[in-house]
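Take a look at the structure set out below.
The values are calculated or read from the model by the stated rules, or taken from the named source; none is laboratory data. From a predicted model like this one, the values you see are computed outputs, not experimental measurements. Neighbour counts run over all protein chains shown; Cβ positions are idealised from the backbone, glycine included.
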Amino acid sequence: MTMTDDQKSKRETEKAQKAETKLKRSRGTQAVKDRVISVFIGFFALAWLFPIIWTFYSSLRPYKEIRAGGVLSFPKELNFNNYFEAISRMELPTYFFNTALITLPAVFLILLLGSLMAFVVTRYSFKANVALLLLFTAGNLLPPQLVFIPVFKMYLALGDLVGDRRFLYDSPFGVILIHVAFQMGFATFVLSSYMKTIPKEISESALVDGASVFTHFFRVMLPLLRPPLASLGVLMTTWIYNDFFWALVLMSTDSKRPITSALGRLTGEFVTDYNLLAAGAMIAALPTLIVFFVLRKQFVSGLTLGSTKG
Amino acid sequence: MSSAAQLEKKPVKREKLKKRRTFSRADRLTLGVFIGIPTFLHVALVWFPALATIYLSFTYWTGIHIEDIQWAGFANYENIFFNTPIFWDALRVNVVWLVWFGVIATPLGILLAYQIDREIRGHKFYQSAYYLPVVLSLAVIGVIWNFLLRPDGLVNGLLGLEISEAVSFFGDDRYNIWVILTMASWRHIGYIMLLYLAGLKAVDASLREAASIDGATEWQTFKRVVFPAMKPVNIIVIVITIIESLRAFDLIYIIYGSSGGLPILGVLVFQNIAGEGASMKGAAYAVILFLLSIVPIVSYLRQQFKEDVS
């Protein structure tokens, strides 16, 4: 279709005028709509928080009050007694210690090994670079159930070899290793996409200065990786802290389990006192709530680093 | 300085220099260690076991002595497909889970992200409210919802039902899957919202403005302008939705234990592999789970490695 310039510009002005009137009208209705949307989303936001608030409220009440008067009864007693009792009766400090024993070394190793891998893959050109990166990223996506049987058998066999059956199986060390092996894939992927954005010149000048590979990594690259490492660290800590599966299948002694897996067992054992359990759950959630309130920026950017490549 | 300038002029020489320096003996060793350790760990604990499980799924084995492994062909799979009706029940639950996530939870998360990104009134509070469940562990989520739904919990209290006539939300087949899906969505919606929000931040604001000046309604802007511009994030979100639906395990396990109150593939695998008395039917279940997740895994990798491969 051909059009002269005159016709074209005429049509353009008409279109613009039309759009403007439409815009004015739609801005008014849009404002009303926005108000409605805001109220609607706000209502659901409160509903979203309600289960947590309710559990917290319940954790402040003694269970016998609820047995006597029902859930809707007016509270006569509100205090932190359930919390004190949960800490002593559920041995929560032990479980927290178990969690720390698994989470801290695992996160440290994931970050260290992931950044080493990402460093070599992005800074040195080997033919296998992309293949290695692909291997690591794909490995991270495999269902954990797919690797469980052989890992379990290998742990037992290695344990027998060393002379201690519980060398890896039923030991924090084994759980740490499997977390590291799996999550390293994610860390490598995220860190390598971050490293690609660091100018090559920085590496080149280090090489020209005669830096060894070791210096190049620890003195030049690692300091530059602080922001993604912080985000990944927070994200990995939350994930491993919240992990349920590996601690469940690779550990058989309850007293060695981390707090989230222990909570599952406590659900059965303390089934007679739900409000005590509520207090236990709130305590178990505390570290993640700290992440939510204090380290949210790192958590969110860690979460999205892997998905949006940047 | 002058040597750097010289090198700049003679790229060939610089290349040589870089090569010589990069691969001194010590450096070669360092590089070997840098990729060797992570690769060994990852292959030994992820890829080798994954392949071993695939092999084992074609065998009979009680899981004790390696010599006892016997080739079974497709017997384990035949057993699952033709003699294990619960497999089909579980598959149905997984499909319902996937459809619910795909049609309801994920779109809701996207919609929320879009509205919050428009900075409607109160968007900061809303964002926090929806994001809170994302940091909680599923064990804690199990306890929290149990508080609302158990026989003497809040919902039954509000319905005015005594314990004896209370609705068993987790036990009754009419309700349990929907209750579980609600709980799972409570977390999933916030997760998708966060991912999408990060993607939306990257969409050029002028695109949206242009659409609004042209008189497009909010819905049209989203459908015609924003959504297509978000293609990479859309793929990631779809992949995450599918993978999460297939992997669903923790929540069900926390509520029902390994008894399988609600059959789902993740729990079927667990029932057959955990403990000493493993059967290779469990391996076959794991492989089925893996085969179902291949398509999303491959599309995730294709999305993320587009630039590297081309």
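Considering only the stretch B:107-159, how many residues are under 30 Å from residue A:73 (Cβ atoms) and over 27 Å from the mean Cα position of the chain (by Cα)?
10
If a residue has to be closer than 27 Å to residue A:236 by Cβ and more than 7 Å from chain A (Cβ to nearest Cβ) to count, how many in the stretch B:120-132 make the cut?
4
Scan the stretch A:165-181 and give yes if some residue there is closer than 20 Å to residue A:217 by Cβ and either at the interface with chain B (Cβ under 10 Å from one of its Cβ atoms) or not hydroxyl-bearing (Ser, Thr, Tyr) (or both), otherwise no. Let's see the steps before the verdict.
At the first step, the residues of the stretch A:165-181 found to be closer than 20 Å to residue A:217 by Cβ are A:180.
Then keep just the ones that are either at the interface with chain B (Cβ under 10 Å from one of its Cβ atoms) or not hydroxyl-bearing (Ser, Thr, Tyr) (or both); that gives A:180.
For the stretch A:165-181, residues closer than 20 Å to residue A:217 by Cβ and either at the interface with chain B (Cβ under 10 Å from one of its Cβ atoms) or not hydroxyl-bearing (Ser, Thr, Tyr) (or both): present.
If you take the residues in the stretch B:151-174 that are free of Cβ contacts under 8 Å to residues at least 12 places away in the same chain and closer than 16 Å to residue B:255 by Cβ, which one is nearest to the other protein chains (Cβ to nearest Cβ)?
B:153
Got a number for residues in the stretch A:157-170 being hydrophobic (A, V, I, L, M, F, W, C) and crowded, with 19+ Cβ neighbours inside 10 Å?
Matching residues across the stretch A:157-170 total 1.
Go through the stretch A:187-198 residue by residue and tally those that are part of a loop (DSSP other than H, G, I, E, B) and away from chain B (no Cβ under 11 Å).
The qualifying residues number 2.
Return yes when residue B:190 is touching a Phe, Trp or Tyr at 6+ places or on another chain (Cβ under 8 Å) and either surrounded by fewer than 21 Cβ atoms within 10 Å (Cβ to Cβ) or in a helix (DSSP H, G or I) (or both) and no when it is not.
Yes; evaluated as a whole, the condition is true for this residue.
Looking at residue B:213, is it crowded, with 21+ Cβ neighbours inside 10 Å, modelled with pLDDT under 85 and in the same structural domain as residue B:198 (by TED's automatic domain parsing)?
Values: crowded, with 21+ Cβ neighbours inside 10 Å: no; modelled with pLDDT under 85: yes; in the same structural domain as residue B:198 (by TED's automatic domain parsing): yes.
Judged against the criteria, residue B:213 is not a match.
Residues checked against (1) at the interface with chain A (Cβ under 9 Å from one of its Cβ atoms); (2) under 27 Å from residue B:227 (Cα atoms); (3) at pLDDT 90 or above:
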site: B:46; (1), (2), (3): yes, no, yes
site: B:59; (1), (2), (3): no, no, yes
site: B:83; (1), (2), (3): no, no, no
site: B:93; (1), (2), (3): no, no, yes
site: B:105; (1), (2), (3): no, yes, yes
site: B:118; (1), (2), (3): yes, yes, no
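Cβ-Cβ below 7 Å, separation at least six or inter-chain, first residue in the stretch A:230-249 and more than 8 Å from chain B (Cβ to nearest Cβ), second part of a loop (DSSP other than H, G, I, E, B) and surrounded by fewer than 22 Cβ atoms within 10 Å (Cβ to Cβ): which pairs?
Pairs that qualify, where the first residue is more than 8 Å from chain B (Cβ to nearest Cβ) and the partner is part of a loop (DSSP other than H, G, I, E, B) and surrounded by fewer than 22 Cβ atoms within 10 Å (Cβ to Cβ), are A:234/A:295.
Mind listing whichever residues of the stretch B:241-288 are outside any helix (DSSP H, G or I), at pLDDT 80 or above and either farther than 16 Å from residue B:187 by Cα or at the interface with chain A (Cβ under 9 Å from one of its Cβ atoms) (or both)? Full working, then the answer.
Restricting attention to the stretch B:241-288, the residues satisfying the condition of being outside any helix (DSSP H, G or I) are B:248-249, B:260-264, B:274-279.
Within this subset, residues satisfying the condition of being at pLDDT 80 or above are B:248-249, B:262-264.
Once the filter is applied, which keeps residues that are outside any helix (DSSP H, G or I), at pLDDT 80 or above and either farther than 16 Å from residue B:187 by Cα or at the interface with chain A (Cβ under 9 Å from one of its Cβ atoms) (or both), the stretch B:241-288 yields B:249, B:262, B:263, B:264.
If you go through the stretch A:270-287, how many residues are β-branched (Val, Ile, Thr) and modelled with pLDDT under 90?
Within the stretch A:270-287, residues that are β-branched (Val, Ile, Thr) and modelled with pLDDT under 90 number 2.
Restricting to the stretch A:49-97, count the residues that are among the hydrophobic types (A, V, I, L, M, F, W, C), part of a helix (DSSP H, G or I) and touching a residue at least 12 places away in the same chain (Cβ under 8 Å).
Number of matching residues: 6.
Going by what's in this entry, would residue A:88 be described as over 17 Å from residue B:143 (Cα atoms), touching a helix residue (DSSP H, G or I) at 6+ places or on another chain (Cβ under 9 Å) and surrounded by fewer than 16 Cβ atoms within 10 Å (Cβ to Cβ)?
Against the criterion (over 17 Å from residue B:143 (Cα atoms), touching a helix residue (DSSP H, G or I) at 6+ places or on another chain (Cβ under 9 Å) and surrounded by fewer than 16 Cβ atoms within 10 Å (Cβ to Cβ)), residue A:88 does not qualify.
Restricting the search to the stretch B:42-82, which residues are among the aliphatic types (A, V, I, L, M), within 30 Å of residue A:126 (Cβ to Cβ) and surrounded by fewer than 18 Cβ atoms within 10 Å (Cβ to Cβ)?
Within the stretch B:42-82, B:43, B:44, B:51, B:54 qualify.
Sort out which residues of the stretch A:36-48 are within 8 Å of chain B (Cβ to nearest Cβ) and either over 26 Å from the mean Cα position of the chain (by Cα) or touching a residue at least 24 places away in the same chain (Cβ under 8 Å) (or both), and write them in order of number.
A:37, A:38
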